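Enquirer: Sharing a structure with you now.
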Amino acid sequence: MLTSDGTRRAKVLLVDDEPSLRAVYPQVLAHDYDVSVAASGREALAVLVNRPDFDVILCDLSMPDMDGPALYDALRAEAPQLLDRLLFCSGGLISARLRDFAERIPNVFLDKPIALDALCAAIERVARGAAPQPV
């Protein structure tokens, strides 16, 4: 889909196990982005393997079943071209394993709750392919 000035809107895949975020984020971001949702890392992986055209993958770090690091590792094996499109978020205390993961990779991490302007700035940076920077 194109914007009013003829540029293509960024496609964002939101990966979060929290139903309220999966309901609210698409509404809030719909003005500027085409947003799809996945309720788990496993669901996101199935979507991404079949449809790797997302510009940004906004992924919760801590989820049951397949968390952010597990999705990262699966994409590294199956679709490595998507790794720099991952934008992680976390809503609080994280384990030592998740903290080590966050320190090991260059992707941006946002702390929940995320201010809308900070979220949009991070999405734009990832969508443009700019180097990750702390937010």
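Enquirer: Which of the numbered conditions does Gly6 fail, given that it passes all the others? Conditions: (1) open to solvent by 30 Å² or more (accessible area, probe 1.4 Å); (2) modelled with pLDDT of 95 or more.
Expert: Gly6 satisfies every listed condition except (2).
Enquirer: Out of the residues in segment 92-120 that are over 15 Å from the mean Cα position of the chain (by Cα) and closer than 24 Å to Val47 by Cα, which is surrounded by the most Cβ atoms within 10 Å (Cβ to Cβ)?
Expert: Among those residues, the one meeting the criterion is Phe101.
Enquirer: Do you know which residues across segment 64-91 are within 13 Å of the chain's Cα centre (by Cα) and assigned to a loop (DSSP other than H, G, I, E, B)?
Expert: Asp67
Enquirer: Restricting attention to segment 15-59, which residues are assigned to a helix (DSSP H, G or I), open to solvent by less than 20 Å² (accessible area, probe 1.4 Å) and of a type outside the set (A, V, I, L, M, F, W, C)?
Expert: Once the filter is applied, which keeps residues that are assigned to a helix (DSSP H, G or I), open to solvent by less than 20 Å² (accessible area, probe 1.4 Å) and of a type outside the set (A, V, I, L, M, F, W, C), segment 15-59 yields only Gly41.
The values are calculated or read from the model by the stated rules, or taken from the named source; none is laboratory data. Everything numeric here is computed off the predicted structure, so don't read it as measured data. Please note: Cβ atoms are built from the backbone with ideal geometry, for glycine as well, and neighbour counts cover all protein chains shown. The protein model used for the area step is the full one, side chains on, heavy atoms only, and it has no ligands, DNA or RNA in it. Shrake-Rupley method; radii C 1.70, N 1.55, O 1.52, S 1.80 Å.
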